[in-house]
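Chemist: Shown below is the structure under consideration.
The values are calculated or read from the model by the stated rules, or taken from the named source; none is laboratory data. Computed from a predicted model, the values in this text were never measured in an experiment. Ideal geometry is used to build each Cβ from the backbone, glycine not excepted, and the neighbour counts take in all protein chains shown. These accessible areas exclude ligands, DNA and RNA; they are computed on the full protein's heavy atoms, side chains included. Shrake-Rupley method; radii C 1.70, N 1.55, O 1.52, S 1.80 Å.
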Amino acid sequence: MRKKTSEYRKVPGKRFFFFVRRSLWQGPDHLLWVESNMMEEQYKRFYYKDIQATIMCRNRRRFMWSVIWGIMVMLGALGAWVSNSPGFFYIYSGLFSILLVSNILAGPGCDVYLQTAVHLEKITTLARIGKAVKALDHLRALVERAQGVLDAQEMARNYDTVEVNDRSRKPAAASKIEQAGDTGQAYPLVLPWMMVGLLLVIGMLGLLQRHFKSIWPGAAGLLMLIGLLILAIIILVRGHRSKNIYLQPHWSWLALILAVVRGVTAYIFFFMAIIRHPETAGNTAMAMEQLLELQMMDHAWTNVIGAGSDAAAVLLGLLTGAALLMNGRRQDERIRAST
Amino acid sequence: MIACPNCRAIQPVEHLNTGRLSPCPVCRAPLRVDLFRGFFRRFDQTELGEDVQAQAQARCFNHPGKKAVVPCIACGRLLCALCRVELEDQNYCMSCLQAGRDKRKLKNLQQQRTLFDSIALNLAFWPMLAVFPTLLTAPAALYFAVRHWRAPAGIFPRTHLKNIFAVLLAAGQIIGWIVAAVFFLSRQ
């Protein structure tokens, strides 16, 4: 707990994803959860006297990111092997190698939850077991100072007598057993599958465009990009802060980032096309045609950017589809466990 | 009962407060559970407030049949055990608590703060990548930075660095547009 600001001390760990930053602070009698984006900060307080339990569950985060960074490194190595100017690919592989090594060194991943009488809050800043264990040990001392130490015999005597059906005292985690049977999903299953389909099709259309040197797959891909952007936003907005979701938010965020990056790239090509052919400035259709022609230009950078983003779209589509299949299975297990 | 976050299986008492990861009996996910006394805290009947026993006893402002135990620190109204809300070792009534939250006088009730300096800096910086939107966003950034210079930044103290950068960037963009306009007009 190094950083101290006024009465708060920062708990180690932070999460930063696409302009949203989350941090946890230790106060005199409560924990302060701060989520800040580009425009505002939001606060949640967890008073030590209200915390009933902390739960840390190991997950496969380190493995998943190791696979993703490893694939990127291999793609870079492959590019360096086949390319005549491998310098770019060496830098590309080097950057992703750094990410891969730092992910492995960070240690196993985990999810940490704070349980109170009314809810189960996920603390996303504690994402690695090493930091989480230190933070939870410190938190335990603070909570025991506020509530008193729980004797092991008292715990063993009283634990089985806590009634799950008593709503006023039911742990939030146990109440989720009942909610698992609730079919009120945040969005219909068809939406994430549509997103998977769009990712795969956009990737394939880009590869077709490059292979057959035709502008029509590229034009279709641009239109589908708009659809992907809208779909990813809908899934993120409707699934925001909901527990009944088919897909973890980070898949939708990755799809949104990919769509934005491809959109920005297309925007840059659009300007380049107008600069090269000023007569198309007043004619959008001609400018778009020039944009698509420019995307097919046989140049190292266009090939790398184009092929890279097409491969990324296909890869993301496959991984998202796999996650959707696994999550569907997990939802079934939850419903079976509740009945 | 404590349930596994993955499969919702109830964890046995042997897996609690061990300080190490133990596998869930159903899904085998490694879990560490720290349980505290608050889990077993029972509802105390006296928290509902005691009835007035004698005529001379002070009565709650909101519940005349209940005995007042504390005054509100803000308005002085007498409160029973049910009405009082303890915050930062002080007792408040609900009206003063709500007023304190709405007027931002009670720091511990603040749930969100608008970061005007971040808005100004983002308005000044990001549109630069696309160039043309800065015609609109630069004056907007300047407005946010100057108008809300003294606005409270958040629970944590902040410097004016973001505001200063926003002003410099926005001013630079506005000057750039003026120079570009003068240049094109003079060419014609």
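Chemist: What does the buried accessible surface come to for B and A, summed over both chains, with the probe at 1.4 Å? Round to 100 Å².
Modeler: 5100 Å²
Chemist: Quick check: convex hull over the Cα atoms of segment B:100-156, volume per residue in Å³, rounded to an integer?
Modeler: Convex hull of Cα atoms, per residue: 86 Å³.
Chemist: So which residues in segment A:144-158 end up with at least 50 square angstrom less accessible surface once the other protein chains are there, compared with the chain by itself, probe 1.4 angstrom?
Modeler: A:Gln147, A:Leu150, A:Met155
Chemist: Now, a different point. Any chance you could list the semi-axes, whole Å, largest first, of the equivalent ellipsoid that the Cα gyration tensor gives for segment B:56-156, using √(5λ)?
Modeler: 48, 10, 10
Chemist: What FRET efficiency, computed as 1/(1 + (r/R0)^6) with R0 = 60 Å and r the Cβ-Cβ distance, is obtained for A:His277 and B:Arg150, rounded to the nearest 0.05? Could the numbers behind the result be given before it?
Modeler: Numbers: r = 51 Å, r/R0 = 0.85.
Efficiency, rounded to the nearest 0.05: 0.75.
Chemist: For B:Arg41 and B:Asn108, what is the calculated FRET efficiency with R₀ set at 22 Å and r taken between the beta-carbons, to the nearest 0.05? Walk me through the intermediate numbers first.
Modeler: Details: r = 22 Å, r/R0 = 0.98.
Computed FRET efficiency for B:Arg41 and B:Asn108: 0.55.
Chemist: Let me ask you something else. Quick one: which residues, 5+ away or cross-chain, put their amide H under 5 Å from the amide H of A:His119? H built at 1.01 Å from N.
Modeler: Those lying under 5 Å, H to H, from A:His119 are A:Ala172.
Chemist: For peptide A:55-62, how many partner chain Cβ atoms fall within 10 Å of a residue's Cβ, on average?
Modeler: 5
Chemist: Please compute the length gained on full extension between A:Asn303 and A:Ile71, using 0.36 nm multiplied by the number of residues separating them and subtracting their Cα-Cα distance.
Modeler: Full-extension gain reported as 81.6 nm.
Chemist: Divide by every residue of the protein assembly as shown the summed helix terms, -39500 (n - 2.57) for each DSSP H run of at least 4, and state the resulting mean residue ellipticity at 222 nm, rounded to the nearest 500 deg cm²/dmol.
Modeler: -17000 deg cm²/dmol
Chemist: Sort chain B into rounded, prolate or oblate with this rule: let a ≥ b ≥ c be the square roots of the eigenvalues of the Cα gyration tensor; rounded if a/c is under 1.5, and if a/c is not under 1.5, prolate when a/b is larger than b/c, oblate otherwise.
Modeler: It comes out oblate by the Cα gyration axes.
Chemist: Shifting gears a bit: Give a residue-ordered list of calculated ³J(HN,Hα) values for segment B:19-27 (Karplus: 6.51 cos²θ - 1.76 cosθ + 1.60, θ = phi - 60°; whole Hz; x for Gly, Pro).
Modeler: For segment B:19-27, the Karplus-derived couplings read x, 9, 7, 10, x, 5, x, 9, 9 Hz, x marking Gly and Pro.
Chemist: Are there any trypsin sites (Lys or Arg not before Pro) in segment B:111-163 that are in a DSSP loop and have at most 12 other Cβ atoms within 10 Å? List them by number.
Modeler: B:Arg150
Chemist: If you plug each phi of segment A:205-213 into the Karplus form 6.51 cos²θ - 1.76 cosθ + 1.60 with θ = phi - 60°, what whole-Hz ³J(HN,Hα) values come out, in order, with x for Gly and Pro?
Modeler: Karplus values, whole Hz, x for Gly and Pro: 5, x, 5, 5, 4, 6, 6, 8, 6.
Chemist: Amide H of B:Lys66: which non-local residues (sequence gap of 5 or more, or other chain) have their own amide H closer than 5 Å, using H built in the peptide plane?
Modeler: B:Val52, B:Cys60
Chemist: So which of A:Lys10/B:Lys67; A:Lys49/B:Lys162; A:Lys134/B:Lys162; A:Lys10/B:Lys103; A:Lys44/B:Lys67; A:Lys131/B:Lys105 end up more than 31 Å apart, counting from Cα to Cα?
Modeler: Check vs 31 Å cut-off fails for A:Lys10/B:Lys67; A:Lys49/B:Lys162; A:Lys134/B:Lys162; A:Lys44/B:Lys67; A:Lys131/B:Lys105.
Chemist: Still on this model: Mean separation of Cα pairs under 8 Å and 6+ residues apart, divided by the residue count of segment A:182-296: what relative contact order is that in percent?
Modeler: 28 percent
Chemist: Send over a whole-number figure in Å² for the accessible area per residue of the protein assembly as shown, probe 1.4 Å. Please list the in-between numbers first.
Modeler: Details: 29160 Å² over 527 residues.
The answer is 55 Å² per residue.
Chemist: After finding the eigenvalues of the alpha carbon gyration tensor for segment A:205-256, what semi-axes result from the square roots of 5 times each, listed largest first in whole Å?
Modeler: That gives 31, 10, 6 Å for the three semi-axes.
Chemist: Report the percentage of all Cα-Cα pairs in the protein assembly as shown whose separation exceeds 33 Å, rounded to a whole percent.
Modeler: Values: 78960 of 138601 pairs.
Considering the protein assembly as shown, 57 percent of its Cα-Cα pairs are separated by more than 33 Å.
Chemist: A follow-up question, please. Kirkwood Rh over alpha-carbon pairs of segment A:22-173, then Stokes-Einstein at 10 °C and 1.306 mPa s: what D in µm² s⁻¹, rounded to an integer?
Modeler: 85 µm²/s
Chemist: Which part of segment A:249-276 falls in the paramagnetic zone of A:Phe88, meaning amide N under 19 Å from the point 7 Å along Cα-to-beta-carbon?
Modeler: Once the point is set 7 Å along Cα→Cβ of A:Phe88, A:261-273 turn out to lie under 19 Å by backbone N, inside segment A:249-276.
Chemist: Nearest 0.05, what FRET efficiency do B:Phe184 and A:Lys44 give at R0 = 60 Å with Cβ-Cβ as r?
Modeler: The computed FRET efficiency comes out at 0.70.
Chemist: Moving on. Carbon and sulfur: what percent of segment B:26-134's accessible surface (1.4 Å probe)? List each step's numbers first, then the result.
Modeler: Numbers: 3420 of 6430 Å².
Roughly 53 percent of what the probe reaches on segment B:26-134 is carbon or sulfur.
Chemist: Run the simple label-point estimate for A:Leu189 and B:Ile175 please: 7 Å along Cα→C-beta, distance reported in nm.
Modeler: My value for the distance between the label points is 6.1 nm.
Chemist: Now for a separate question. Take every Cα-Cα pair in segment A:253-327 and report what % of them are more than 15 Å apart.
Modeler: That fraction is 62 percent.
Chemist: How large, in percent, is the carbon and sulfur part of the accessible surface of segment A:16-163 at a probe radius of 1.4 Å? Don't jump to the answer; show the numbers that get you there.
Modeler: Working: 4810 of 7520 Å².
The nonpolar share, carbon plus sulfur, comes to 64 percent.
Chemist: Another one. What residues of segment B:10-34 lie in the reach of a label at A:Glu154, counting those whose backbone N is under 16 Å from a point 7 Å from the Cα along Cα→Cβ?
Modeler: Residues B:17 qualify, since their backbone N sits under 16 Å from the label point.
Chemist: Here's something else I'd like to know. If you plug each phi of segment A:314-326 into the Karplus form 6.51 cos²θ - 1.76 cosθ + 1.60 with θ = phi - 60°, what whole-Hz ³J(HN,Hα) values come out, in order, with x for Gly and Pro?
Modeler: 5, 4, 5, x, 5, 5, 5, x, 5, 5, 5, 5, 5
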